[in-house]
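Below: the structure, in C-alpha cells.
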Amino acid sequence: MSLLEDNQSTDLEKMVGLSRRGFISAGALCGAAMFMGGNLLSRSVLAASVSAGTSKLLGFDSIPAATNDAISLPPGYKSSVLISWGQPLHKDGPAFDPSGNGTAQQQEVQFGDNNDGMSLFEFPGEHDRALMAINNEYTNYRYLYPHGGMPQSADEVHKALACEGVSVIEVQRKNGQWHFVQGSRYNRRIHGNAPISLSGPAAGHALVKTSADPQGKTVLGTFQNCANGKTPWGTYLTCEENFTDCFGSTNAEQTFDAAQKRYGVVATSKEINWHPHDPRFDMAKNPNELNRHGWVVEIDPFDPQSTPVKRTALGRFKHENAALAETADGHAVVYMGDDERGEFIYKFVSRDKINHKSPKANRDLLDHGTLYVARFDAGDGNADHPKGKGEWIELSHGKNGIDASSGFADQAEVLIHARLAASVVKATRMDRPEWIVVSPNDGQVYCTLTNNAKRGEDGQPVGGPNPREKNVYGQILRWRTDRDDHGAKTFSWDLFVVAGNPGVHAGSPKGGSTNITPQNMFNSPDGLGFDKAGRLWILTDGDSSNAGDFAGMGNNQMLCADPVTGEIRRFMVGPIGCEVTGISFSPDQKTLFVGIQHPGENGGSTFPEHLPNGKPRSSVMAISREDGGIVGA
Ligand code: FEO
Ligand code: CA
Ligand code: CA
C-alpha cells in the first residue's frame with residue numbers, strides 16, 4: 001500500500017497535508033528529505049512543510065519522514081556532535097581507532113559506546129558550564145573488533161565491558177554552542193569492571209555473595225545501562241537493563257531454577273557471549289553473579305572519586321529508566337519500567353523525606369522504602385482512547401501473600417526476585433514498559449509501552465492499557481494519581497496515543513489513535529522527556545524498514561507532543577539504522593541534547609563523520625535554533 005494512501009482522506013486533503021483527524025502537519029512528501037547529506041554541523045534544508053495545527057505549545061512545523069544517513073530537522077534548526085564513541089576523555093588520551101585494534105585499557109579512558117539515557121547537572125551559579133552523565137548501553141561487535149564477530153578472548157571481553165557503563169563529562173558553552181571539555185577533572189568512566197557498592201536490603205544477602213566477594217557488598221561493574229534518572233539532590237541514576245543476556249554457561253546441559261528462567265538466562269548467552277572467556281559470567285561457575293546486576297545505580301557526578309552505589313531497595317529487573325517525583329508529604333518517589341514483554345511497572349517510595357536544604361543528607365534515601373507494582377483494570381474498552389483505574393500493590397515480605405509459602409524467605413529475596421513477587425500479587429503484564437516521565441505542569445505520569453508482538457499469547461490478555469493483539473506499534477500510557485499525590489495508592493489512566501500506520505491500515509486498532517496521521521506516524525515509542533514548558537518529546541526505537549506495516553515511517557525519529565491537545569509533530573529524523581534515545585536540555589532550554597545510538601546497526605551508515613569506508617559512531621547531538629531561541633517553541 002502506498003505511503004500516503006488514506007482511504008478516508010480526500011486528494012486535496014492529502015495534497016496540503018490536511019488530515020481527516022484535524023491534526024495537520026508536514027505537507028511535503030516523505031521522499032523529499034531522503035537525499036540530504038549529513039555533516040558534523042548540519043543545517044536543515046528540508047522542503048517547506050505545512051503546519052496549521054492548533055497547538056500553541058509547538059512552534060515548529062512537522063517534518064517529513066526520511067531514510068537518509070543524516071539528522072533531519074525543521075527549518076531554522078541546526079545540530080552538531082557533542083561527543084562520539086571512542087573520543088578520549090583526557091588530554092593526550094588515546095584517539096579513537098577505527099580499525100578496531102584499540103585496547104580495553106584505551107577504551108576505559110574514552111567515551112563509551114552506544115550512548116543512551118543522560119542527565120545534565122549545572123554547576124551552581126554557572127550558566128555556561130555543566131556536567132553530563134551519559135549511559136553507554138552496549139557495544140556492537142561489528143564495529144568493535146577487527147574481526148567483527150563475537151569476542152574471542154578475555155581481552156576482547158574486557159574491551160566490551162570497557163565500552164559499557166557510564167561516561168561523566170564536563171560541557172561548556174562558548175558563543176552559544178555547547179562543547180565537550182576534554183581534560184576536565186570531572187571526566188570519568190564507570191565501566192563494566194569498575195568497583196561499585198551494593199547497598200539496601202539485599203546487600204550482603206547469601207544470594208549476592210560470590211567467591212570474589214564473600215561479603216556480598218562490592219560488585220565489579222555496571223553494564224547494559226539503558227536509561228536514567230536525576231534526583232532532586234543532584235545525583236544520577238543509571239539503570240541496568242538487559243543484564244541477563246551477558247550470562248551463559250559452559251555447561252550446555254545446565255538447568256536453571258524458576259527465578260533464573262524468569263529473568264531469561266540461557267546457557268548459550270544471547271548474542272553477547274562473555275562467559276566462555278570470563279568466568280564471572282559463567283553460570284556454571286558463578287551463579288550468584290547474576291543477582292548482582294539488574295539494579296538502579298546512583299552516581300555523584302560532582303565527586304569523581306566517589307564509588308557508585310547499587311540501590312537494591314528499588315528492586316531487580318530489566319530496568320529502563322527511573323523517573324523521580326515527590327509525595328505530597330515530601331517523600332521521594334521513583335517510577336520504573338521493566339522492559340520485557342509482559343513485565344511490570346513499579347514505583348518506590350522512600351521511607352524518609354527528601355531534605356531539600358542539604359543534598360548530602362539524602363545520600364542513603366534510596367536505601368529505605370517500599371516497592372509497589374501497578375495493577376490496571378480493564379478500562380472502558382474505548383477503541384480510540386481507552387481509560388480506566390489502577391492501583392499500586394505493595395511488594396513487602398509478609399504482605400499480599402508474599403512470604404515463605406510463595407517462595408520468599410525475606411525482603412532481600414523479594415527485591416532480588418521482584419518479578420516473581422509482582423506475579424504473586426497479580427500485577428498487570430504490560431507491553432514492554434520503557435521510559436516513564438512526570439509532567440512538570442500537572443504531575444501526570446507518561447510511560448511508553450513500546451510494542452509486544454506476543455500480546456494475546458502466553459497468558460497476556462488483550463485489554464486495558466494493552467488493547468491490541470500482536471502489538472507491533474506501541475502506545476503511550478498516562479496516569480494521574482488520585483489527589484494529585486504521588487503517594488496515593490490509586491490512580492486513573494488513559495492512553496495518550498496509540499501508535500499505528502494510517503497509511504496502511506484504516507482506523508483503529510492498527511491505524512492508531514486519532515492523533516496519529518500519515519504525516520506524523522511512528523512506531524515503538526521508547527525514550528521520553530519533558531522540557532520546562534511541558535512539551536512531551538517522544539523518541540523511537542522501532543522498525544525502520546520503511547516497508548509493510550512500517551511503510552512511510554522512515555528512520556527512527558523524535559517527535560514532540562502537546563499533552564493537552566494531543567497533537568504530535570515530527571521534529572527530528574535520525575540517520576540510517578539508528579535508535580534515537582537519551583534526551584536532556586540546557587538549563588535555558590535553548591539546546592536539546594539527544595542521543596543517536598547504533599547508527600548503521602546493520603551496516604549502511606557512516607554517521608556522523610561520513611568518512612570514506614568510515615565507521616558509524618554513536619553520538620550525542622546538540623540541537624539548537626539558528627536564531628538562538630528556545631527549542632520547540
Ligand atoms: Fe534499553 Fe528498553 O531499552
Ligand atoms: Ca529504550
Ligand atoms: Ca526499545
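The values are calculated or read from the model by the stated rules, or taken from the named source; none is laboratory data. Just so you know, these numbers come straight off a predicted model, no measurement behind them. A quick note on method: Cβ atoms are made from the backbone with ideal geometry, for glycine too, and the neighbour counts reach across all protein chains shown. The area values use the complete protein model at the heavy-atom level, side chains included, leaving out ligands, DNA and RNA. Shrake-Rupley method; radii C 1.70, N 1.55, O 1.52, S 1.80 Å.
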| Which listed residue is in contact with an Asp or Glu (Cβ under 6 Å, 6 or more places away or on another chain) and closer than 22 Å to Thr235 by Cα, from Val157, Val166, Val181 | Val181
| task | Output the number of the condition that Asn555 fails; it satisfies all remaining conditions of (1) touching a strand residue (DSSP E or B) at 6+ places or on another chain (Cβ under 8 Å); (2) more than 20 Å from Phe60 (Cβ to Cβ). | result | (2)
| request: State whether the residues of region 468-488 include one that is assigned to a strand (DSSP E or B) and in contact with a Lys or Arg (Cβ under 6 Å, 6 or more places away or on another chain). | output: yes
| task | Being among the small types (Gly, Ala, Ser) and touching a strand residue (DSSP E or B) at 6+ places or on another chain (Cβ under 9 Å) is the filter; apply it to region 263-283 and report the residue that is surrounded by the most Cβ atoms within 10 Å (Cβ to Cβ). | result | Ser269
| said: Would you confirm, using the coordinates I've provided, whether Asp257 is within 16 Å of ligand 2 (Cβ to nearest atom), surrounded by fewer than 21 Cβ atoms within 10 Å (Cβ to Cβ) and at pLDDT 95 or above? | reply: no
| said: Criterion first (open to solvent by 10 Å² or more (accessible area, probe 1.4 Å) and of a type in the set (Phe, Trp, Tyr)) does Trp295 satisfy it? | reply: no
| What is the one condition in (1) farther than 30 Å from Phe496 by Cα; (2) buried (at least 16 other Cβ atoms within 10 Å of the Cβ) that Pro386 does not satisfy? | (1)
| note | Phe223 fails exactly one of (1) out of contact with any Lys or Arg (no Cβ under 9 Å at 6 or more places or on another chain); (2) more than 16 Å from ligand 2 (Cβ to nearest atom); (3) assigned to a loop (DSSP other than H, G, I, E, B); (4) in contact (Cβ under 8 Å) with a residue 12 or more places away in the chain, namely (2)
| query | Here are Thr312, Thr238, Thr307, Thr327: which of them is within 16 Å of ligand 1 (Cβ to nearest atom) and in contact (Cβ under 8 Å) with a residue 40 or more places away in the chain? | reply | Thr238
| All positions within region 207-220 that are open to solvent by 30 Å² or more (accessible area, probe 1.4 Å) and either in contact with a His (Cβ under 7 Å, 6 or more places away or on another chain) or without any contact (Cβ under 8 Å) to a residue 24 or more places away in the chain (or both) | Pro214, Gln215, Lys217, Thr218
| task | Go through the residues of region 337-358 one by one and say whether even a single one is surrounded by fewer than 16 Cβ atoms within 10 Å (Cβ to Cβ), without any contact (Cβ under 8 Å) to a residue 12 or more places away in the chain and not in a strand (DSSP E or B). | result | yes
| remark: Taking region 455-476 and keeping only residues that are within 14 Å of Asn382 (Cα to Cα) and open to solvent by 10 Å² or more (accessible area, probe 1.4 Å), one is left with Val462, Gly463, Pro467, Arg468
| task | Sort through Ser197, Ser184 and tell me the only one that's outside any loop (DSSP other than H, G, I, E, B) and polar (S, T, N, Q). | result | Ser197
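Yes or no, residue by residue, for (1) β-branched (Val, Ile, Thr); (2) within 16 Å of ligand 3 (Cβ to nearest atom); (3) under 26 Å from Pro525 (Cα atoms); (4) touching a strand residue (DSSP E or B) at 6+ places or on another chain (Cβ under 7 Å):
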position: Val309; (1), (2), (3), (4): yes, no, no, yes
position: Ala328; (1), (2), (3), (4): no, no, no, no
position: His331; (1), (2), (3), (4): no, no, no, yes
position: Ser350; (1), (2), (3), (4): no, no, no, yes
position: Lys353; (1), (2), (3), (4): no, no, no, yes
position: Pro359; (1), (2), (3), (4): no, no, no, no
position: Arg363; (1), (2), (3), (4): no, no, no, no
position: Ala378; (1), (2), (3), (4): no, no, yes, yes
position: His385; (1), (2), (3), (4): no, no, yes, yes
| task | Only residues that are surrounded by fewer than 24 Cβ atoms within 10 Å (Cβ to Cβ) and within 21 Å of the chain's Cα centre (by Cα): list them for region 560-575, please. | result | Asp562, Pro563
| message | Can you report the number of residues in region 230-254 which are of a type in the set (S, T, N, Q) and surrounded by fewer than 17 Cβ atoms within 10 Å (Cβ to Cβ)? | response | 3
| task | Please specify each residue of region 316-336 satisfying the condition of being of a type in the set (Gly, Ala, Ser) and assigned to a strand (DSSP E or B). | result | Ala322, Ala323, Ala325, Ala332
| query | Looking at Met521, is it closer than 21 Å to His598 by Cα and away from ligand 2 (no atom under 16 Å from the Cβ)? | reply | no
| note | When (1) open to solvent by 50 Å² or more (accessible area, probe 1.4 Å); (2) over 26 Å from Ala453 (Cα atoms); (3) out of contact with any helix residue (DSSP H, G or I) (no Cβ under 7 Å at 6 or more places or on another chain) are applied to His368, the one that fails is (3)
| task | Can you tell me which residue among Asn520, Asn546, Asn515 is crowded, with 24+ Cβ neighbours inside 10 Å and either at pLDDT 95 or above or not acidic (Asp, Glu) (or both)? | result | Asn520
| query | So which residues in region 81-119 are more than 27 Å from Trp435 (Cα to Cα) and hydroxyl-bearing (Ser, Thr, Tyr), if there are any at all? | reply | Ser99, Thr103
| field | Any strands (runs of 3 or more DSSP E) falling wholly within region 547-633 and containing at least 1 residues that are of a type in the set (D, E, K, R) | value | 568-573, 579-585, 619-625
| said: Please pick out the residue among Met283, Met336 that is touching a Leu at 6+ places or on another chain (Cβ under 8 Å), closer than 30 Å to Glu457 by Cβ and within 16 Å of ligand 2 (Cβ to nearest atom). | reply: Met336
| task | Just need a number here: residues in region 407-441 that are open to solvent by less than 40 Å² (accessible area, probe 1.4 Å) and not in a loop (DSSP other than H, G, I, E, B). | result | 16
| query | Quick one: in region 76-107, which of the residues that are of a type in the set (D, E, K, R) and in contact (Cβ under 8 Å) with a residue 60 or more places away in the chain is surrounded by the most Cβ atoms within 10 Å (Cβ to Cβ)? | reply | Lys78
| task | Mind listing whichever residues of region 442-454 are open to solvent by less than 50 Å² (accessible area, probe 1.4 Å), within 12 Å of Leu536 (Cβ to Cβ) and assigned to a loop (DSSP other than H, G, I, E, B)? | result | Gln444
| remark: Of the residues in region 576-602, those that are out of contact with any strand residue (DSSP E or B) (no Cβ under 9 Å at 6 or more places or on another chain) and open to solvent by less than 20 Å² (accessible area, probe 1.4 Å) number 1
| Among the residues of region 604-623, which ones are hydroxyl-bearing (Ser, Thr, Tyr) and surrounded by 22 or more Cβ atoms within 10 Å (Cβ to Cβ)? | Ser605, Ser618, Ser619
| Residues satisfying the stated conditions in region 371-383, i.e. in contact with a Pro (Cβ under 7 Å, 6 or more places away or on another chain) and crowded, with 17+ Cβ neighbours inside 10 Å | Phe376, Gly379
| Scope region 375-406; condition assigned to a strand (DSSP E or B), farther than 30 Å from Gly216 by Cα and free of Cβ contacts under 8 Å to residues at least 60 places away in the same chain; matching residues | Arg375
